[in-house]
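The values are calculated or read from the model by the stated rules, or taken from the named source; none is laboratory data. Quick caveat, the model's predicted, so the values are computed rather than measured. Cβ: placed from backbone, ideal geometry, glycine included. Neighbour counts: every protein chain shown. When the accessible area is computed, the model is the full protein with side chains, heavy atoms only, and any ligands, DNA or RNA have been set aside. Shrake-Rupley method; radii C 1.70, N 1.55, O 1.52, S 1.80 Å.
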Amino acid sequence: MASGYRMLKNYADTYFIEKKSRFISYAKPIYSENEALQFLGTIRKKHYDATHNCYAFIIGESMNIQRSSDDGEPSGTAGIPILEVLKKEGITNSIIVITRYFGGIMLGAGGLIRAYTEGAVKGIEAAGTVMVKPFAVYQLKMDYGFLSKLQHEISKKGYIIANTEYLENITMQVLTSLELKDALIDDIAQWTNGNIYAEFLGEQMLKVDEISGAIMK
């Protein structure tokens with residue numbers, strides 16, 4: 001499984017004015033080319049009267065799908081600058097659309113590149129970013145006598161309790177980074193004197209907030 005990738009956290013929109021031209025940045029996490037094109041169509045419909053609706057998107061854990069468009073701006077002054085910001089930031093599974101309403105003052109090629117670059121940066125800042133990383137998922141089955149100790153030790157050590165079922169016995173799912181798989185198994189054995197077996201259920205890709213480090217739902 002992949003070691004992880006970076007993507008936009010939320011949908012966001014923002015704008016700025018450059019020499020009377022209004023630039024509106026739309027940023028959104030996506031997972032397919034079809035989803036990207038649907039979002040682009042929504043923006044085009046909303047801003048049917050705009051001078052340009054330029055965009056770039058990247059899809060895939062290895063960033064293998066990359067698309068961009070200048071939408072009538074001089075070649076290489078809009079779509080490519082947006083795409084380059086996404087690539088520089090290592091952001092995939094994301095789209096940025098920048099709508100421009102021309103204000104009557106020509107910006108020139110250099111000015112356009114700077115404006116669309118700024119629009120992409122502002123869009124990313126507004127949307128925020130997350131890391132999508134693989135986690136190892138373990139299942140623990142125990143009687144109620146172990147519950148409070150394990151809850152305390154697991155949280156103290158930085159592992160994550162993903163789910164707990166309270167029936168005749170307790171079934172708990174615990175997540176850990178791949179680097180700490182062996183450590184978790186050893187810790188569970190130590191905390192329970194070998195009475196609880198950590199069953200490996202597989203790996204799961206989860207979003208991790210880049211600021212707080214918390215796993216996102």
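So the values come out like this:
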read-out: Rounded accessible area per residue of the chain, 1.4 Å, Å²; value: 52 Å²
read-out: Helix 33-46 axis, angle to the chain major axis (alpha carbon atoms, nearest 10°); value: 50 degrees
read-out: With Cα atoms, 0 to 90° folded angle of helix 147-157 axis to the chain main axis; value: 50 degrees
read-out: Sum of side-chain charges, Gly72 neighbourhood, beta-carbon under 15 Å (Lys, Arg +1; Asp, Glu -1); value: -2
read-out: Qualifying GluC sites (Glu not before Pro) in the stretch 139-200, DSSP loop, other Cβ atoms within 10 Å at most 16; value: Glu168
read-out: Cα centre as origin, Lys/Arg/Asp/Glu Cβ charges: the stretch 156-196 dipole, Debye; value: 140 debye
read-out: The stretch 97-158, Rg to Rh (Cα coordinates; Rh as Kirkwood inverse mean 1/r); value: 1.48
read-out: Cut-off under 5 Å, modelled amide H: who pairs with Ile65 long-range; value: Ile59
read-out: For the chain, alpha-carbon Rg and Dmax in angstrom; value: 23.2, 76
read-out: Stretch gain in nm, segment Asp143-Met106, where the contour uses 0.36 nm per residue and the Cα spacing is subtracted; value: 6.1 nm
read-out: Computed magnitude of the charge dipole of the chain (debye, nearest 20; Cβ of K, R +1, Cβ of D, E -1); value: 860 debye
read-out: Segment Tyr166-Arg67, length gained on full extension (0.36 nm per residue, minus Cα span); value: 30.8 nm
read-out: Degrees between helix 181-191 axis and first principal axis of the chain (Cα, 0 to 90, nearest 10); value: 30 degrees
read-out: Over the chain, relative contact order from alpha-carbon pairs under 8 Å, at least 6 apart, %; value: 23 percent
read-out: Choice from Gly79, Gly108, Gly123 with maximal GNM fluctuation in the chain (Cα, 10 Å cutoff); value: Gly108
